[in-house]
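Some notes on the structure that comes next.
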Amino acid sequence: GIQLDGNETNVVQANYVGTDSSGTVRLGNGVSGISVLQSAENVVGGTASGEGNLVSANDDTGIYIAGAGSVANRVEGNWVGVDVNGTATLSNVNNGILIFEAAGNLVGGPTAGAGNLVSGNGKAGVYLLGSTTFDNLVQGNQIGTGPSGSLAVGNFGDGVVLNQCALNTIADNLISAN
C-alpha cells in the first residue's frame, strides 16, 4: 500500500488502499495498507470531508505505526475494514490500526471529523502493543459499528486491545458489536 519510512510531516489523504476504485471490491495489498515506520508528525487522513482514507481488504493490518521514531502522528477521519458505505465488511486480515513500540500518537481526537470508523477487521479494531508504547490517545472513534453508530459491523477480535503497554488513554469512543 503506502509506506512512510523514516519520514516526517507527510500527509496521506483521500486514498482507497486495498479496494478497487468503487470501494466495494477487495483487491488488497500483500502486507499492511498504510505503514508509518520510524516516522514522525505525519497525518493519515484528516478532519475535513473527503480527507480520510478507505483502508480495507489488506493482507495484514490496515494502518500500522511502529518504532521509537514514530511519534506525534495523527490518524484521523479514516474508514478501516469496511466498504465505502461503511456498512459492509472488507476486513483487513489482522488489526484495523496497530501501534507497536511507538509513543505520543493520536488515533481520532476531539475535533469534529477526527474520529475513525474502525470496523469489520479480522482481529482487533485498535491494538496497542509493547513496553515502549505509551502516551498514545485513542479518542472519538467508532469501533465495531457502521457510520450511524447503530449498525453492528464488528471486528472479529476485541474493539481495543492494550498489550504490555502503559500510560495510554482510551476516551470517548463508541466501541460495540466486536
Quiz item: Ignoring ligands, DNA and RNA, what percent of the accessible area of region 1-101 is carbon or sulfur (1.4 Å)?
Solution: 46
Self-check item: Sites ASN7 and THR132 - FRET efficiency at Förster radius 25 Å, r taken between beta-carbons, to 0.05
Solution: 0.80
Quiz item: What is the magnitude of the charge dipole of the chain about its Cα centre, with +1 placed on the Cβ of each Lys and Arg, -1 on the Cβ of each Asp and Glu, and no other charges, expressed in debye to the nearest 20?
Solution: 260
Self-check item: Paramagnetic label zone (point 7 Å from Cα along Cα-to-C-beta, ALA171; backbone N under 17 Å) in region 98-137
Solution: 104-116, 134-137
Quiz item: Roughly how many Å² is the accessible area per residue of region 10-162, as a whole number, for a 1.4 Å probe?
Solution: 35
Exercise. For region 114-166 and region 25-82, compute the distance between their C-alpha centroids and round to whole Å.
Key: 13
Quiz item: So what's region 93-178 giving for Cα Rg divided by 2.2 N^0.38 Å, two decimals?
Solution: 1.00
Quiz item: For region 1-159, what value does the Rg/Rh ratio take when both radii are computed over Cα atoms and Rh is the Kirkwood radius, given to two decimals?
Solution: 0.93
Exercise. Pull up all non-local amide H partners of LEU151: gap of 5 or more, or a different chain, and H-to-H distance under 5 Å with H placed in the peptide plane.
Key: GLY146
Quiz item: Taking the Cβ-Cβ separation of ALA72 and ALA48 as r and a Förster radius of 22 Å, what is the calculated FRET efficiency to the nearest 0.05?
Solution: 0.65
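The values are calculated or read from the model by the stated rules, or taken from the named source; none is laboratory data. In this text the structure is predicted, and so the values were computed from the model without any measurement. Backbone-built Cβ (ideal geometry, glycine too); neighbour counts: all protein chains shown. For the accessible areas, the whole protein counts, side chains as well, though only heavy atoms, and no ligand, DNA or RNA atoms are used. Shrake-Rupley method; radii C 1.70, N 1.55, O 1.52, S 1.80 Å.
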